[in-house]
1. Any idea which residue in the stretch 242-300 is surrounded by the most Cβ atoms within 10 Å (Cβ to Cβ), counting only those that are of a type in the set (Lys, Arg) and not in a loop (DSSP other than H, G, I, E, B)?
2. Find the residue count for the stretch 142-198, including only residues that are surrounded by 12 or more Cβ atoms within 10 Å (Cβ to Cβ) and on the phi > 0 side of the Ramachandran plot.
3. List the pairs whose first member sits in the stretch 150-175 and is within 30 Å of Leu122 (Cβ to Cβ) and in contact (Cβ under 8 Å) with a residue 40 or more places away in the chain, whose second member is among the aromatic types (Phe, Trp, Tyr) and in a strand (DSSP E or B), and whose Cβ atoms are under 8 Å apart, counting only residues at least 6 apart or on separate chains?
4. Which of the residues spanning the stretch 100-122 are buried (at least 19 other Cβ atoms within 10 Å of the Cβ), part of a strand (DSSP E or B) and not hydrophobic (A, V, I, L, M, F, W, C)?
5. Kindly list the number of the only condition in (1) closer than 30 Å to Arg190 by Cβ; (2) loosely packed, with under 14 Cβ neighbours inside 10 Å; (3) in contact (Cβ under 8 Å) with a residue 40 or more places away in the chain that fails for Gly203.
6. Would you point out which residue out of Tyr117, Tyr103, Tyr89, Tyr141 is in contact (Cβ under 8 Å) with a residue 40 or more places away in the chain and out of contact with any strand residue (DSSP E or B) (no Cβ under 7 Å at 6 or more places or on another chain)?
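The values are calculated or read from the model by the stated rules, or taken from the named source; none is laboratory data. Quantities reported herein were computed from a predicted structural model and do not represent experimental measurements. All Cβ positions, glycine included, derive from the backbone under ideal geometry; neighbour counts span all protein chains shown.
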Amino acid sequence: MHDRLGETQYIDALTGEKKVTSLWLRQVGGHNNWRDSSGQLKTQSNSYVAQLGGDVAQWSTDGLNRGHLGLMTGYANSHNQTHSSVTGYDSKGSISGYSAGVYGTWFANDVEKSGLYVDSWLQYSWFNNHVNGEQLASESYKSKGLTASLETGYTLKMGEFTGSQGTLNEWFIQPQAQATWMGVKADKHREDNGTRVNSEGDGNVQTRLGMRAYLKSHHAIDDGKGRTFEPFIEANWLHNTRSYSAKMDGVRISQAGARNIGEVKVGVEGQINPRLNLWGNVGTQVGDKGYNDSTAMIGVKYNF
């Protein structure tokens, strides 16, 4: 949820009413390394994701809680290279595609930014995939499917203190839990040399348990400017119920080390002025057998 929407609100310049922005954009770059289960193949990849979305409805039943419903669309691409320690051969691959979906979020106490929240989203994605093996013909195939997520968390204010420069800092913690069902599946494919290729791993459920801690900082010089500053750190444990693999004429090649993953993120979210919100973070994931993934993300929201 935070990666998609950020945390801060803007204050309407005319009415003084707290609102959420109606349009957001986020961009993510990543680098990943992993080995297959035999230890013979090593793959590294670079990826890019851009998502654009906005609210289509907002409501509150008691003036304290808040719900909103929105639409989103996205583009992603990834380029990878795999090296075999046995044959010395390399192969290169690429994937690019689009997505469209819907999201909904509910906050129990949006006025004080505390208590329970629930977030969910559903999107459909479709991709074009290309593989170029050494001394082999280039192969192309498609993949598509649904992905769905349900997330919940609880925000607790732990205290507040005043900094040396007169900054008021409020300290919050937020335990979180999330389950994501991944239904994207590649089409069955027969290579030019006759090899039958089937993908496996669709239907994977990734669960995430984590804790986020952040400061909400405000200096007296920002009074009346609608400006806030929120640095944070987050730690997560991720578990995947299935491993991603490809079966080639019955021989399975599986991704290793991604069953259980530890993740750490640090970043900042802020309201620059009553119309502009920015947020960004860097994160790293570490698993078994050399699995690691590093990302950098930046997002922006603007109220027209």
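1. So the first thing to find is which residues in the stretch 242-300 are of a type in the set (Lys, Arg), and the list is 242, 247, 252, 259, 265, 275, 289.
After this cut, where a residue has to be not in a loop (DSSP other than H, G, I, E, B) as well, the list is 247, 252, 265.
Working: Lys247: 14, Arg252: 14, Lys265: 20.
Among those that are of a type in the set (Lys, Arg) and not in a loop (DSSP other than H, G, I, E, B), it is Lys265.
2. Looking only at that region, the number is 1.
3. Gly153/Tyr117; Thr155/Tyr117; Thr155/Phe172; Leu156/Phe172; Phe172/Tyr214; Gln174/Tyr154; Gln174/Tyr214
4. Residues satisfying the conditions are Gly101, Tyr103, Thr105, Tyr117, Asp119.
5. Every condition holds for Gly203 apart from (3).
6. Details: Tyr117 fails: out of contact with any strand residue (DSSP E or B) (no Cβ under 7 Å at 6 or more places or on another chain); Tyr103 fails: out of contact with any strand residue (DSSP E or B) (no Cβ under 7 Å at 6 or more places or on another chain); Tyr141 fails: out of contact with any strand residue (DSSP E or B) (no Cβ under 7 Å at 6 or more places or on another chain).
Exactly one residue qualifies, and that residue is Tyr89.
For every residue, the table says whether it meets (1) closer than 27 Å to Tyr214 by Cβ; (2) at pLDDT 90 or above; (3) outside any strand (DSSP E or B); (4) of a type outside the set (Gly, Ala, Ser).
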{"residue": "Leu25", "(1), (2), (3), (4)": "yes, yes, no, yes"}
{"residue": "Asn33", "(1), (2), (3), (4)": "no, yes, no, yes"}
{"residue": "Gly39", "(1), (2), (3), (4)": "no, yes, yes, no"}
{"residue": "Lys42", "(1), (2), (3), (4)": "no, yes, no, yes"}
{"residue": "Ser45", "(1), (2), (3), (4)": "no, yes, no, no"}
{"residue": "Gln58", "(1), (2), (3), (4)": "yes, no, no, yes"}
{"residue": "Gly74", "(1), (2), (3), (4)": "yes, yes, no, no"}
